[in-house]
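S.K.: Mind having a look at this structure? Questions to follow.
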Amino acid sequence: MKLIAITGNAGSGKTTISNILKEKGYCVINADEVVHKLLQTEEVKNFIIEAFGEQFLDRKKLSDYLFKNPTEMDKYEKFIREKVIKAINEEILKQNCEIIIIDAALIFEYKLEYMFDKIICVVADEEKLIERLKSKGYSEDTAKLILLRQIPQKEKAKRSDILIENNGTIDELKEKVSKLILNLI
């Protein structure tokens, strides 16, 4: 079994690439989806209520609050990090695939690169990243804060095996993914 990470900063197009690969029959585990499931558990809900208040059970409110309050984000990440890693490992064990792709922004931030046979980094111009985050409902200020909390794209690119630039159209991206598949085998 090969484990392949698709990483990149928020808004880079990781999930779009993962979805294209999923459509082509690859096993994909999306770290954001894993976190969303964890947020529904009583343990995590209780932590959020005790640490931040009941109003932050709303994912969007929690996200906005945490990105604007770095010490609170640190507290949250300290609590959730091991739970996310454990849940992803459990998902990996459930898969029956030769190649498993993990879509996760924080591979390097969480120092998880050792887990993977290959790391693919998706990059885009900062204006594109901000534009894409705004299209997901974030304000420009929050989008910039999100990007500031992540390792710079150039650093992630240097530490990755494969680089995909995603500044173009979806068709251009699909073509790049088709070429990428040849590198996965």
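S.K.: Go through (1) farther than 26 Å from residue 131 by Cα; (2) among the small types (Gly, Ala, Ser); (3) surrounded by 14 or more Cβ atoms within 10 Å (Cβ to Cβ) one by one and return the number of the condition residue 25 breaks.
M.R.: Residue 25 satisfies every listed condition except (3).
Conditions tested, residue by residue: (1) at pLDDT below 95; (2) over 14 Å from residue 9 (Cα atoms); (3) among the aliphatic types (A, V, I, L, M); (4) assigned to a helix (DSSP H, G or I).
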| site | (1), (2), (3), (4) |
| --- | --- |
| 122 | no, no, yes, no |
| 130 | no, no, yes, yes |
| 138 | yes, yes, no, no |
| 143 | yes, no, yes, yes |
| 146 | yes, no, yes, yes |
| 160 | no, no, no, no |
| 167 | no, no, no, no |
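A quick yes/no check of all residues on (1) surrounded by fewer than 17 Cβ atoms within 10 Å (Cβ to Cβ); (2) under 22 Å from residue 101 (Cβ atoms); (3) more than 16 Å from the chain's Cα centre (by Cα):
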residue: 130; (1), (2), (3): no, no, no
residue: 136; (1), (2), (3): yes, yes, no
residue: 143; (1), (2), (3): no, no, no
residue: 146; (1), (2), (3): no, no, no
residue: 166; (1), (2), (3): no, yes, no
residue: 174; (1), (2), (3): yes, yes, yes
residue: 177; (1), (2), (3): no, yes, yes
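The values are calculated or read from the model by the stated rules, or taken from the named source; none is laboratory data. Just so we're clear, the structure is a prediction, and the values are computed from it rather than from any experiment. Here Cβ is always computed from backbone atoms with ideal geometry, including for glycine, and neighbour counts include all displayed protein chains.
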